[in-house]
1. List every residue pair whose Cβ atoms sit under 9 Å apart, with the two residues 6 or more apart in sequence or on different chains, where the first one lies in region 20-35 and is buried (at least 17 other Cβ atoms within 10 Å of the Cβ) and the second, anywhere, is among the charged types (D, E, K, R) and not in a helix (DSSP H, G or I).
2. Conditions: (1) surrounded by 14 or more Cβ atoms within 10 Å (Cβ to Cβ); (2) touching a residue at least 24 places away in the same chain (Cβ under 8 Å). Residue 371 meets all but one. Number of the miss?
3. Against the condition basic (Lys, Arg), closer than 29 Å to residue 123 by Cα and crowded, with 18+ Cβ neighbours inside 10 Å, how does residue 339 come out, does it pass?
4. Given the options 26, 18, name the one that is at pLDDT 70 or above and assigned to a loop (DSSP other than H, G, I, E, B).
5. All but one of (1) hydroxyl-bearing (Ser, Thr, Tyr); (2) exposed (fewer than 14 other Cβ atoms within 10 Å of the Cβ); (3) at pLDDT 95 or above hold for residue 265; state the number of the condition that does not hold.
6. Look at residue 206 and say whether it is at pLDDT below 90 and in a helix (DSSP H, G or I).
7. From the list 139, 186, which residue is modelled with pLDDT under 95, assigned to a helix (DSSP H, G or I), over 17 Å from the mean Cα position of the chain (by Cα) and not assigned by TED's automatic domain parsing to the domain that holds residue 38?
8. Take the conditions aliphatic (A, V, I, L, M), surrounded by fewer than 16 Cβ atoms within 10 Å (Cβ to Cβ) and either in contact with a His (Cβ under 6 Å, 6 or more places away or on another chain) or at pLDDT below 95 (or both) and apply them to residue 314. Does it pass?
Amino acid sequence: MQHMVMSFRVSELQVLLGFAGRNKSGRKQELLQRALALLDGCGAPIQIKIRELSKRRFPSKAAAAAAAASSSSSPHTSPLKQQPHAPLPQPGDGLEYKHTPAMPPNHNQVPVLPDVSLKMLPFYDVLDELLKPSSLVPKGAARFQETFFVFHLTPQQAQDVAASRYLLPLPTDPFSYSLFVSREMKSGRIEHSVQVQLRFCLLETSCDQEDNFPPSICVRVNGKMAPLPNPIPTNKAGVEPKRPSRPVNITSICRISPTHPNQISISWASELGRSYCVAVHLVRKLNSDILLSRMKRSGIKHPDHTTALIKEKLAHDPDNEIATTSLRVSLQCPLGKMRMTIPSRASTCNHLQCFDAPMFLLMNEKKPTWTCPVCDKPALFYNLIIDGLFTEILKKTSEMEIEFLEDGSWRPLKPK
């Protein structure tokens, strides 16, 4: 299989890489290196495509090899009496082609490039896909597996990453500068706003997938260990601790150059009935201030909307003997225990109580949970609203608690 790929021209290499979903641009040597990387653990579709391209490249050799194989199968037949043999069927002829898999049957149906979609992360804008979601395909029946991937940066991508580094006040001496930057990069205090991000998830196409690490995983990028999140301890016997569901920033161990490929080595423990994917994205890291400005640009919920909710909650129910005529709400944020500045809540929540948007975003920037501090239900960023009625109330009263009445009006409550 390797000698077939080595004989390909640029056009065949581009067709093969395009079929596998890899980058098709670059010089022949770069294309050849990417194509050879496909051979590690490649499945039946890739092998069939390679044979098909090889047959197109050398049609006469393929026919001669088929004829030689036919003649060698009947050595006692005189050459004068031999009947002409048709060429053996090849992949791509439209005939049924039976491929003997090199892996157990339970892994035979794992697609190389599955149609998997990863959940969007509010604090990252995806700029490009450096490696499309690719299956971690086990080779053989062994529990512990290893596979390899290669990705490249374009000149523009490499320039964007290099130009996005956050710098602290730096020494002017070149030697001191080099030592300082090296030390700060290792400590994580200098990082890039444009990052190379590694993500793992389950091979599941029914919905957007959150980050999910395979068991016993170990990742090396260009021979260096990737900084995976530490596993969460568990008290359950025989259960391997899970790693937090978050992406991995591998910028510091990548080759930020368009002329040098980046190689990823992944070892993991395969599980019966569960398959995983890996993807590499080029992202721009955001902060809570940027997300807050995006919330403001999306608009403030009109006060009439909240007023209608109040009337609905306080409407008299004839089946209920106890009528609720008022509703108390605090103007203090349940997170910071301070008076709210920008009242917010998730549109998926049923309560009127708000929380302070800047505080909520800042806490999720440090540890993303996206859980409502009032009802403990999911409060995703894309469902957050700024409440227009509470915004007006905060401007009109200095009290920390108010009371809503049946007609939708409100009044401040002074502390006892």
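The values are calculated or read from the model by the stated rules, or taken from the named source; none is laboratory data. Please read these numbers as outputs of a predicted model, since none were measured by experiment. Ideal geometry is used to build each Cβ from the backbone, glycine not excepted, and the neighbour counts take in all protein chains shown.
1. Every condition considered, the pairs that remain are 22/132; 31/24; 34/22; 34/24; 35/22.
2. (2)
3. Details: basic (Lys, Arg): yes; closer than 29 Å to residue 123 by Cα: yes; crowded, with 18+ Cβ neighbours inside 10 Å: no.
Spelling it out, it is not the case that residue 339 is basic (Lys, Arg), closer than 29 Å to residue 123 by Cα and crowded, with 18+ Cβ neighbours inside 10 Å.
4. On the way: 18 fails: assigned to a loop (DSSP other than H, G, I, E, B).
26 is the lone residue from the list that is at pLDDT 70 or above and assigned to a loop (DSSP other than H, G, I, E, B).
5. So residue 265 meets the others, but not (2).
6. Working: at pLDDT below 90: yes; in a helix (DSSP H, G or I): no.
No: the conditions fail for residue 206.
7. Numbers: 139 fails: assigned to a helix (DSSP H, G or I).
Of 139, 186, the one residue that is modelled with pLDDT under 95, assigned to a helix (DSSP H, G or I), over 17 Å from the mean Cα position of the chain (by Cα) and not assigned by TED's automatic domain parsing to the domain that holds residue 38 is 186.
8. On the way: aliphatic (A, V, I, L, M): yes; surrounded by fewer than 16 Cβ atoms within 10 Å (Cβ to Cβ): no; either in contact with a His (Cβ under 6 Å, 6 or more places away or on another chain) or at pLDDT below 95 (or both): yes.
When the stated conditions are applied, residue 314 does not pass them.
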